[in-house]
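Peer 1: Structure below; questions to follow.
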């Protein structure tokens with residue numbers, strides 16, 4: 001069934017989102033009531049996700065809403081609401097938030113975490129009955145062993161319970177907040193893990209090995225090294241982002257971690273990588289196995305593994321560049337950080353320092369390119 005709205009009759013619709021998520025809605029016209037334009041008041045009501053609410057349940061709920069509307073009663077304020085379970089609310093929140101995520105993968109990870117850890121224990125529990133003991137039942141088994149996962153899990157449970165309260169299905173303080181404030185969960189001392197990086201002195205020899213390869217992953221990794229960009233920024237690059245006359249690559253804000261557009265000045269060495277790829281006439285710069293689609297975000301990492309560099313990560317080349325900029329190039333911290341598209345200084349400082357130091361960054365990246373390719 002394709003995306004869009006599919007009618008069941010009598011105002012009941014199955015809405016299929018582009019992501020494949022499905023939910024029920026009912027459209028009713030409230031007798032005797034009119035909107036601001038003087039037309040009969042027609043309004044839609046969500047009945048829940050199709051993976052939780054069956055067709056018969058949706059029809060029954062829709063029938064209740066239509067009966068009230070025919071009597072001149074607005075269901076929005078008078079419908080007798082059944083208390084939904086935790087999983088039902090969670091899946092509705094997931095559907096509602098899909099447009100806010102930068103890519104579908106983030107949205108899928110959001111619901112997958114709940115499906116793996118929360119749904120088996122509290123998924124069928126009425127949302128009004130989820131309290132501190134139930135939340136602890138979910139969090140405690142993973143709090144110390146998978147602490148980062150557990151923290152994300154807590155945030156997602158909190159979001160679901162907050163939405164349930166806003167819909168009138170709960171009252172009182174969110175139990176996740178109470179648990180945090182009371183420090184009920186054991187403290188976990190976390191180790192800061194840095195991406196493994198290559199020493200900047202070893203990069204020229206490594207780059208020479210890359211340049212001898214014809215694989216698209218090698219070309220993408222060469223471009224990633226020279227631009228000191230993130231994997232996703234490079235692999236999702238499209239030709240319309242490149243201005244070859246101005247020798248500029250502008251990464252749109254939607255793809256940047258900082259949600260701010262980033263200009264990357266292109267050196268002659270960078271241009272020598274991407275310009276020949278224009279002959280492929282693909283929508284993306286670094287095309288994968290499927291036409292007009294970027295390669296997998298694991299492609300460059302797997303190339304490193306095939307080169308017997310199991311202790312190096314793609315992201316680590318950003319650290320390599322940063323070390324070179326400080327130790328060898330001797331540039332300021334601000335210039336080095338801006339070249340990595342990092343935010344520099346406090347919010348007040350950033351408000352006054354609006355320049356992205358493009359000219360200086362162009363010179364710095366050109367020096368880096370010359371060093372790497374020497």
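Peer 1: Return the distance in nm (one decimal) between the two label points of a simple spin-label model at residue 43 and residue 283, each offset 7 Å from Cα along Cα→Cβ.
Peer 2: 3.9
Peer 1: Now a separate question. Please tell me the relative contact order of region 4-78 in percent, rounded to the nearest whole number, where contacts are Cα pairs under 8 Å and at least six residues apart.
Peer 2: 28
Peer 1: With runs of 4+ DSSP H residues as the only contributors, calculate the mean residue ellipticity of the chain at 222 nm using -39,500 (n - 2.57) per run, divided by the residue total and rounded to the nearest 500.
Peer 2: It comes out at -13500 deg cm²/dmol, rounded to the nearest 500.
Peer 1: Could you give the length gained by full extension between residue 165 and residue 310, i.e. 0.36 nm per residue of separation minus their alpha carbon distance, to one decimal place?
Peer 2: Here the segment from residue 165 to residue 310 would lengthen by 47.4 nm.
Peer 1: Please give the Cα centre distance for region 251-277 versus region 168-183, rounded to the nearest Å.
Peer 2: 44
Peer 1: Hey, with R₀ at 25 Å, roughly what FRET efficiency would residue 180 and residue 259 work out to, going by the Cβ-Cβ distance, to 0.05?
Peer 2: Once rounded, the FRET efficiency stands at 0.40.
Peer 1: Would you please classify the overall shape of region 86-182 from the alpha carbon gyration tensor, given that a ≥ b ≥ c denote the square roots of the eigenvalues, rounded means a/c under 1.5, and beyond that prolate means a/b larger than b/c while oblate covers the rest?
Peer 2: oblate
Peer 1: Over the chain, what relative contact order in percent results from Cα pairs under 8 Å that are six or more residues apart?
Peer 2: 11 percent.
Peer 1: First check a/c for region 4-78, with a ≥ b ≥ c the square roots of the eigenvalues of its C-alpha gyration tensor; if it is under 1.5, answer rounded, and if not, answer prolate when a/b is larger than b/c or oblate otherwise.
Peer 2: prolate
Peer 1: So what are the three principal axis dimensions of the chain from its Cα atoms, in whole Å, longest to shortest?
Peer 2: Each principal axis gives a Cα extent; for the chain these are 81, 51, 46 Å.
Peer 1: Alpha carbon centre of region 127-158 versus region 1-63: separation in Å?
Peer 2: After rounding, the separation between the Cα centres reads 33 Å.
Peer 1: While we're looking at this one, here's another question. Could you tell me the calculated FRET efficiency between residue 145 and residue 371, based on Cβ-Cβ distance and R0 = 35 angstrom, to the nearest 0.05?
Peer 2: 0.20
Peer 1: Compute the helix-to-body angle for 104-117: its Cα long axis versus the longest principal axis of the chain, expressed 0 to 90° and rounded to tens.
Peer 2: Its long axis makes an angle of about 60 degrees.
Peer 1: Quick one: angle between helix 86-97 and the longest Cα principal axis of the chain, in degrees between 0 and 90, rounded to 10, please.
Peer 2: Roughly 50 degrees between the two axes.
Peer 1: Given the options 257, 105, 39, which has the most mean-square fluctuation in a GNM of the chain, springs set between C-alpha atoms less than 10 angstrom apart?
Peer 2: So, out of 257, 105, 39, the one fluctuating most is 39.
Peer 1: If you don't mind, another one. If you count, for each residue, the other Cβ atoms within 10 Å and average over each peptide, how do 289-302, 357-370 line up from highest to lowest?
Peer 2: 357-370, 289-302
Peer 1: Kindly put 163, 188, 264 in sequence by how many other C-beta atoms sit within 10 Å of each C-beta, fewest to most. Intermediate results must be reported in sequence, preceding the final value.
Peer 2: Values: 163 18, 188 12, 264 27.
Lowest count first: 188, 163, 264.
Peer 1: Helix 132-143 against the longest principal axis of the chain: what's the angle in degrees, Cα atoms only, rounded to the nearest 10?
Peer 2: It is inclined by approximately 20 degrees.
Values in this text are rule-based calculations from the coordinates and carry no lab data. Keep in mind the model is a prediction, meaning the values are calculated, not measured. With ideal geometry, Cβ positions are generated from the backbone for all residues, glycine too; neighbour counts draw on all protein chains shown.
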